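The values are calculated or read from the model by the stated rules, or taken from the named source; none is laboratory data. Here the structure is a predicted model, which is why all the values come from computation and not from measurement. As a convention, Cβ positions derive from the backbone with ideal geometry for all residues, glycine included, and neighbour counts pool all protein chains shown. Note: areas computed on protein heavy atoms with side chains; ligands, DNA, RNA excluded. Shrake-Rupley method; radii C 1.70, N 1.55, O 1.52, S 1.80 Å.
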Amino acid sequence: MMAKFQVSFMGLAILLILAVTLVTVAYQLISVADNANVTPIVKLLELQLSSYYRPSFHGFLCFPSPSGGTDFYDYWPDDDGKVLTAFSVIRNYTLAYEAFNFLYGLRAYGYMMPDRVVQTMLNSFNGYYGNNIIAAGGCPLSLGTELFGFNYVASLISINGVGGCAYTIRLTNESVVFNFSGKAVVIINVNDGYFLVKPVNGNLLTLTLKPPAPVAYIYSSNLSLVSELVASGLFRGVAAGVASFTNTAPFTNNPSIFVIGNVTMVRLNSSGLTITANGGVKVYAVGVGPSVVDYGTQPYIMLGLLLNKYPSNAEVGSPASFGYIALGSALLGLETHNETVLSFARGFVNFWLPIVEEEVKSGVFYPRSVSTFLVAALLLEPGNETIRQLALSYVESPVTLSAVEGGATGYGLTAWLISLLDSMGYSLGNLLGEYYRAQVHALGVFKSTPSPPLPIDYAIPYKAGEDLFGWLEAGLPYNDTGVVLPLINIIFNDVLAPGSNPPPFYAFFNYANTEGVPAILEAVAVWQVRMLNETGLTINRWRYLNVTKLSVAENASEVIVNVEGYLMPPSGIITHLELYVPFNSLNVTVMVNNSGVKPYLNQSMYMPTQYYLTFTPQVPSGWFFNKTTHMLYIQYIPEPTAVFNHSAVDIKVILKPSRVSTVIIATSQAAKPPSAINWVAVVALVTVLIIIIVIAITRFRRGI
């Protein structure tokens, strides 16, 4: 009996050792997935975006300081959707829910959000603020505080003085001219603003808006459309509001106009849009164009105004990138299985679906918004045939590619939508190739050429980030040479700061706002986890190096990372490459252009800054591996002549761990954020573990 027990005990010990090994592997699967979101650059980007949150207002500031631009103090619902998407992708659910809660309580009518809201009154008018009485041109004007947010010149104007005078007010980049003559008022070149216009004497007011838009929609007090004037026409009767706008292409300079009041007559002709009303009228001018107001959204905007649903600090209009509200809500709801979030996401999609159908039918839409909206709709309702057919007609229409190329935005996001449809059985490989070639051509127009000050405009960060995010979700590998590497070159070389330090020295300082930072954060995080999944290591970033080829190879004893590219201007800059290597007991060899590079004694010799020829570096080229952070820092100081000639550079890193154990994690599926853990593998391993324990216990008892 004793011998039998000893045999059983030895078998049990072996099985337990095997079980512990499997548990360790399962843990590695989880920890590696988590580590994909803790590379230094992703942590800094996450910290930067988190710092924009203002608990007092329950939202994310577009810019963190007045020097950031004219959007200071603004909270954009569509940007909040982008923040929600980014935090959902990197699984920071605490801040993802803060972003969601801001949207959940901000509805002007149904699921129609305002264009933007502001935290505080920043009105100024010739140096005056608030309710100061201003006398100008013989017309006393009162600047009030009823509404604000229109580029901070939201004005309350009352005509209290004599007639026959004129006044010019500056709104954004255009001048708006008011001509007052008794009971008649003419507003010329109105672009952005809110005005309350009252008659000088009596109750009757005649208001003329110039230049006119080709269409005017007239609404009754019971929220129904009573008349539509096209090009020219006359309406007489009783109405509560008039909407008028140009709907030819996104981002036209012609404003969208909403007039609310006791309307008795509307005339539209080549002279302008003339409205007669009893008493004063409220005039809302939205200057962005059909991306904010179009045939689909204007009825809901008008209904929101008539019902007083817009917050007092909101700009009239709809979010330009409304698709991100749907996408962020869908990702958060699907990942956390929160029924409140999923209900909101489905309600938002159902509300906007007929609007998107109208936009696609008319051929006037904002592609990055419609593409993200349809991705969200398919993630939520993959079997919905109506959504499938709408998405199919949208991606197959040549108008869509033309719109993408016209705005140089939405390539990757539309590619993601195409790949989703392709996975559902629609053969769209050729179409995906067409978008790929179009993206390659677009990237040829802008190439990564860092030279302080960085020669990019505000749109480049979000375009590069959104395109990279979309293409990775569409299935491109981390080292794709036509699209992925050129986009990550732009991000690493042109967008991210040379020395990424904690706030206030952020990782992303060039046009950093709630539009650009989320796009860069999610793109870099997904790119890094894609590389980690496929190779077992990833790159934190590179700097002043235009990478054209990237590969990782593994044999029985070593892992070889090969980075090829060419040096970049300005002359004399040090080239940096930073790898995150989750291996233990490393022996490292670094070679640049087939010449060995010696290790540094400490990390302080690595200087993530820029040098010009006027400075003499105090250290040679070298590298340092931080065993605590698993970061490998490589610094290459080229000869001046090499930089002048944009010489080619080949960096080879040979890693010799004590045991090569590259762990591969399944890449993201469309129905969950890209960084999700491979729970299938974990469950399988746990199941095996349970079986082993059961067998061990059974044998142990039999042995006794």
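Counting only residues at least eight positions apart within a chain, or on another chain, the aspartates and glutamates with an alpha carbon under 19 Å from that of residue 656 are 534, 554, 558, 578.
Note on residue 386 and residue 423: their simple-model spin labels are 2.4 nm apart, each label 7 Å out from Cα toward Cβ.
Cross-link partners of residue 82 among aspartates and glutamates, defined as those whose alpha carbon lies under 18 angstrom from its own and excluding same-chain residues fewer than eight positions apart: 46, 71, 74, 98, 115, 335, 466, 467, 473, 515, 522. Amide H to amide H distances under 5 Å link residue 649 with 565, 566, 567, where only residues 5 or more positions off or on other chains count and H is placed in the peptide plane. Remark: the range 630-635, residue by residue, has Karplus-estimated 3J(HN,Hα) of 6, 9, 10, 9, 10, 10 Hz, where x stands for each Gly or Pro and the curve is 6.51 cos²θ - 1.76 cosθ + 1.60 at θ = phi - 60°. For residue 210, the solvent-accessible surface with a 1.4 Å probe is about 80 Å², rounded to the nearest 10. Between residue 215 and 231, 245, the built amide H atoms are under 5 Å apart, and every one of these is 5 or more places off in sequence or on another chain.
Given the convex hull of the Cα atoms of the range 324-444, what is a quarter of its surface area in nm²?
Numbers: hull surface 28.5 nm².
Taking a quarter of the hull surface, the average projection is 7.1 nm².
Computed with every protein chain present, the accessible area of residue 440 is close to 60 Å² [probe 1.4 Å].
Going through the cross-link list 361/463; 43/627; 210/361; 463/652; 282/309, which pairs have a Cα-Cα distance over 20 Å in this structure? Show your work: numbers first, answer last.
Working: 361/463 26 Å; 43/627 18 Å; 210/361 29 Å; 463/652 31 Å; 282/309 15 Å.
Over 20 Å Cα-Cα: 361/463; 210/361; 463/652.
All other residues whose Cβ lies under 13 angstrom from that of residue 651 are scored, Lys and Arg at +1 and Asp and Glu at -1, for a net of 0.
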